[in-house]
Amino acid sequence: MDMELAITLIEIEIMQKRYIFMFTFLLLVILLFPFFIVVVGHFESREKSDLCVVLGNKVYFDGTPSPWLKGRLDQAVQLYSENKVKYILVSGATDQETGVSEAKHMRSYLIEQGIPPAYIWEDSLGNNTFQTIMNTRTLLGENNLKSVKFVSQFYHTPRIRYAASRAGIPEASFSFARYYCRKDIYATLRECIALPYYAFKNYS
């Protein structure tokens, strides 16, 4: 009887150690994943690309880009002015209620900043990150372009990087908007869910 009790106690102790290990591991993942997103999101490649893809964000009713979107567009202007990209693709959704087209207003903003209209392409079907990636892949093939540079917020970059790789876009590089605010904390935590979710997307 004493032997059986001792074995039971040992088994309980082993199970407790396993649960502690699993809890500790899960806690480390939860704590380190946001750090990973921040670090990877700030990796930036400066080589030249055929195409710059600016991912859409909120456009106000009067057509003014939100601070997040303005930061992305300004970064694209900077890249173009430095001859780092040849063409710029603005990709965004069209609001079904207001009819406001992100891509249309993004294009208008770039023209106001001095980018020649002939070098700006529109993708009004970029309803989300995944759709923008897939549309970009199609556009690259149709126009015989080899390289692309994606521009978004830093916390968005790891998900774009992963999706571009899964979509089979070989020469993809990344740049990020120089706009920061407190909402970036929430957005970074949200990416901890959004990024793993993209593993289940169909990239064929």
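The values are calculated or read from the model by the stated rules, or taken from the named source; none is laboratory data. Predicted, not measured: the structure shown is a model, and the values here were computed from it. Because the Cβ atoms are built from the backbone with ideal geometry, glycine has one as well, and the counts that use them run over all protein chains shown.
Contact map, the range 96-123: residues that are outside any helix (DSSP H, G or I) paired with residues that are at pLDDT 95 or above and charged (D, E, K, R), Cβ distance under 7 Å, separation 6+ or inter-chain. Pairs shown: ILE120/ARG107; GLU122/LYS104; GLU122/ARG107. Take the residues of the range 40-89 that are of a type in the set (Lys, Arg) and buried (at least 18 other Cβ atoms within 10 Å of the Cβ): which is farthest from ARG182 (Cα to Cα)? Step by step, filter the range 40-89, then rank; the result is LYS84. Anything in the range 100-109 that is surrounded by 18 or more Cβ atoms within 10 Å (Cβ to Cβ) and either closer than 16 Å to ASN202 by Cα or over 21 Å from the mean Cα position of the chain (by Cα) (or both)? List them, or say none. Selection gives VAL100, TYR109.
Only a single criterion out of (1) touching a residue at least 40 places away in the same chain (Cβ under 8 Å); (2) assigned to a loop (DSSP other than H, G, I, E, B); (3) under 18 Å from ALA177 (Cα atoms); (4) not hydrophobic (A, V, I, L, M, F, W, C) is not satisfied by GLY126, namely (3).
Restricting attention to the range 112-165, the residues that are touching a Leu at 6+ places or on another chain (Cβ under 8 Å), of a type in the set (Lys, Arg) and surrounded by fewer than 21 Cβ atoms within 10 Å (Cβ to Cβ) total 1. Outside any loop (DSSP other than H, G, I, E, B) and either of a type in the set (Ser, Thr, Tyr) or touching an Asp or Glu at 6+ places or on another chain (Cβ under 6 Å) (or both), is that true of TYR197? Spelling it out, TYR197 is indeed outside any loop (DSSP other than H, G, I, E, B) and either of a type in the set (Ser, Thr, Tyr) or touching an Asp or Glu at 6+ places or on another chain (Cβ under 6 Å) (or both). Can you tell me which residue within the range 155-177, out of those that are touching a helix residue (DSSP H, G or I) at 6+ places or on another chain (Cβ under 8 Å) and of a type in the set (D, E, K, R), is nearest to LEU195 (Cα to Cα)? The qualifying residue nearest to LEU195 (Cα to Cα) is ARG159. Within the range 166-190, take every residue that is more than 19 Å from GLY71 (Cα to Cα) and not β-branched (Val, Ile, Thr) and give me the one that is surrounded by the most Cβ atoms within 10 Å (Cβ to Cβ). This residue is ALA172.
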